[in-house]
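The block underneath contains the structure these notes are about, expressed in structure tokens.
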Amino acid sequence: MRPIDEMLARAQGHARFHMPGHKGTLDPFDMTELPSTDDLYNPQGAIREAERRIARSAGAGDAILLTGGATAGNLAMLLYASTRYRSIRMERTAHVSAVSGLVLGDMAVGESGAVFATRPDYFGRAGALPRAELLMVDEAHGAHFTWWDSPPSAGRLGADLWVQSAHKTLPALTGGAWLFMKDASLYPQLLHLLRMVMTSSPPFPILRSLDNARALMDERGAQLLRQTTALCDAARAKINALPGLSAPRMDDPTRLVIDVSGRGLTGFHAAALLGEMGVDVEMGGAREVVCIATVCDTEESFARLTSALERLPQGNDTIREFAPVYGVPRMRPRQAALSPIERVPLDCARGRIAAQAAGLYPPGSAWLMPGDEIPPEAVEALEAAAAAGAGTFGLQGGKISVVR
């Protein structure tokens with residue numbers, strides 16, 4: 001059963017004197033809240049049924065459909081935590097959206113009964129989760145974990161709240177995600193918080209794609225994931241047989257992490273070369289490229305990847321690891337983010353207080369958070385990473401926002 005799909009199909013055929021302005025010419029399923037549809041922020045029909053179905057699939061007490069990606073879910077989780085805690089335990093490898101949650105909730109990173117964890121990471125590593133009074137997990141890269149046991153999902157490991165980006169690893173439109181809760185009684189409060197951080201015009205095509213992805217995975221997700229894993233394992237075997245390349249099996253076997261340093265290439269350079277050969281990867285790093293495989297991949301797409309990898313030339317790049325260098329907290333993140341700011345060249349920011357987050361993107365973790373004193377070593381590390389080809393955020397035009 002696909003309740004949102006069926007609801008939107010029944011609503012077709014009317015003259016549309018309502019939003020959106022394209023009147024169905026761009027996408028007939030892009031509609032607005034009508035008596036024949038439903039309302040994400042007051043779901044009574046198909047949307048509520050879709051939420052109950054994905055909650056059952058995930059073993060959660062309840063769930064909320066998201067059209068603002070895992071970012072919206074992270075913000076809602078942290079806003080909820082801020083009603084109970086003034087600080088939170090959070091690794092500096094957390095996504096930049098979690099930093100925004102600290103700002104909105106006026107929380108600082110420190111000792112706390114509340115923990116915000118990230119699992120899996122960009123590289124498919126899915127370690128153990130800590131114990132906490134309130135355990136929140138950014139499981140953005142693990143939406144497919146719901147339909148298999150290894151690695152298990154955050155919900156099965158005891159998380160109180162967790163968010164998954166369906167659009168990252170399942171056949172769902174960009175922005176489609178789910179927020180899960182162990183305690184169903186939190187549903188009204190979390191929905192209230194989400195309304196503050198997510199659009200008041202949630203796109204029905206995204207909601208439809210979320211429920212269709214859930215239905216597909218409920219019907220044959222385990223089988224599809226076994227097939228995808230087999231394709232990944234076969235690709236890894238071929239890659240490991242190529243000179244200068246290696247691809248270890250990660251905790252998430254659908255994540256391909258390919259070390260290209262043996263070819264004398266940085267991951268940044270290799271990613272660019274692969275793009276020229278018609279293969280776009282998720283990210284390049286100092287030594288590796290990262291590829292996301294999903295149930296939508298085929299033998300043909302894997303063949304194109306392994307063929308392109310085989311054709312990578314022998315390079316002469318300087319391989320340098322870019323270990324993150326973090327700032328030193330001096331102000332609460334909210335105080336710094338909402339202070340008067342000025343933009344200064346990164347090279348002139350040593351010793352200043354960052355007013356916004358900055359780091360490498362992907363993966364989007366903040367080396368500098370609002371309120372951090374910027375150490376010289378962080379400036380040098382960010383400059384070196386950018387010069388090597390890494391993507392950055394918070395450094396538009398080589399400048400960073402600092403507290404005036």
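General observations
- Within segment 132-159, tally of residues that are among the β-branched types (Val, Ile, Thr) and out of contact with any helix residue (DSSP H, G or I) (no Cβ under 7 Å at 6 or more places or on another chain): 1
- Members of segment 23-48 found to be under 30 Å from the mean Cα position of the chain (by Cα) and surrounded by fewer than 12 Cβ atoms within 10 Å (Cβ to Cβ), listed by number: LEU26, ASN42, GLN44
- Just one of the listed residues (SER301, SER401) is without any contact (Cβ under 8 Å) to a residue 12 or more places away in the chain and hydroxyl-bearing (Ser, Thr, Tyr), namely SER301.
- Test: residue in segment 218-233 that is touching a Phe, Trp or Tyr at 6+ places or on another chain (Cβ under 7 Å), over 30 Å from ILE258 (Cα atoms) and of a type in the set (A, V, I, L, M, F, W, C): no
- Selection within segment 353-378 - surrounded by fewer than 21 Cβ atoms within 10 Å (Cβ to Cβ) and either at pLDDT 95 or above or not assigned by TED's automatic domain parsing to the domain that holds SER339 (or both): GLU373, PRO375, PRO376, GLU377
- Filter pass, LEU161 being more than 18 Å from SER365 (Cα to Cα) and surrounded by fewer than 24 Cβ atoms within 10 Å (Cβ to Cβ): no
- Any chance PHE302 is among the aromatic types (Phe, Trp, Tyr), outside the structural domain of ARG89 (by TED's automatic domain parsing), buried (at least 18 other Cβ atoms within 10 Å of the Cβ) and out of contact with any His (no Cβ under 9 Å at 6 or more places or on another chain): yes
- Strands (runs of 3 or more DSSP E) fully within segment 302-404 counting 1 or more residues that are more than 29 Å from PRO120 (Cα to Cα) and not hydrophobic (A, V, I, L, M, F, W, C): 341-345, 399-403
- Extreme residue, nearest to the chain's Cα centre (by Cα), among residues of segment 133-147 that are farther than 15 Å from ARG255 by Cα and of a type outside the set (Asp, Glu): VAL137
- Boolean, VAL289 is touching a helix residue (DSSP H, G or I) at 6+ places or on another chain (Cβ under 6 Å), part of a strand (DSSP E or B) and buried (at least 21 other Cβ atoms within 10 Å of the Cβ): yes
- Residues considered: PRO171, PRO130, PRO151. Of these, the only one that is in contact (Cβ under 8 Å) with a residue 12 or more places away in the chain, in the same structural domain as SER100 (by TED's automatic domain parsing), surrounded by fewer than 18 Cβ atoms within 10 Å (Cβ to Cβ) and under 18 Å from the mean Cα position of the chain (by Cα) is PRO171.
- Some residue of segment 208-217 being of a type in the set (Asp, Glu), outside the structural domain of THR254 (by TED's automatic domain parsing), crowded, with 24+ Cβ neighbours inside 10 Å and in contact (Cβ under 8 Å) with a residue 24 or more places away in the chain: yes
- Number of the condition not met by GLN396 [criteria: (1) buried (at least 22 other Cβ atoms within 10 Å of the Cβ); (2) under 26 Å from the mean Cα position of the chain (by Cα); (3) farther than 20 Å from GLU282 by Cα]: (1)
- Qualifying positions in segment 232-241 - surrounded by fewer than 17 Cβ atoms within 10 Å (Cβ to Cβ) and in contact (Cβ under 8 Å) with a residue 60 or more places away in the chain: ALA234
- Search result, residues across segment 250-276 that are of a type outside the set (D, E, K, R), in contact (Cβ under 8 Å) with a residue 12 or more places away in the chain and part of a helix (DSSP H, G or I): SER261, GLY262, GLY267, PHE268, HIS269, ALA270, ALA271, ALA272, LEU273, LEU274
- Condition check for GLY278 on (1) over 23 Å from the mean Cα position of the chain (by Cα); (2) crowded, with 22+ Cβ neighbours inside 10 Å: one failure, at (2).
The values are calculated or read from the model by the stated rules, or taken from the named source; none is laboratory data. Everything numeric in this text was worked out from a predicted model, so none of it was measured. Neighbour counts are summed over all protein chains in view; Cβ atoms, including those assigned to glycine, are modelled from backbone coordinates with ideal geometry.
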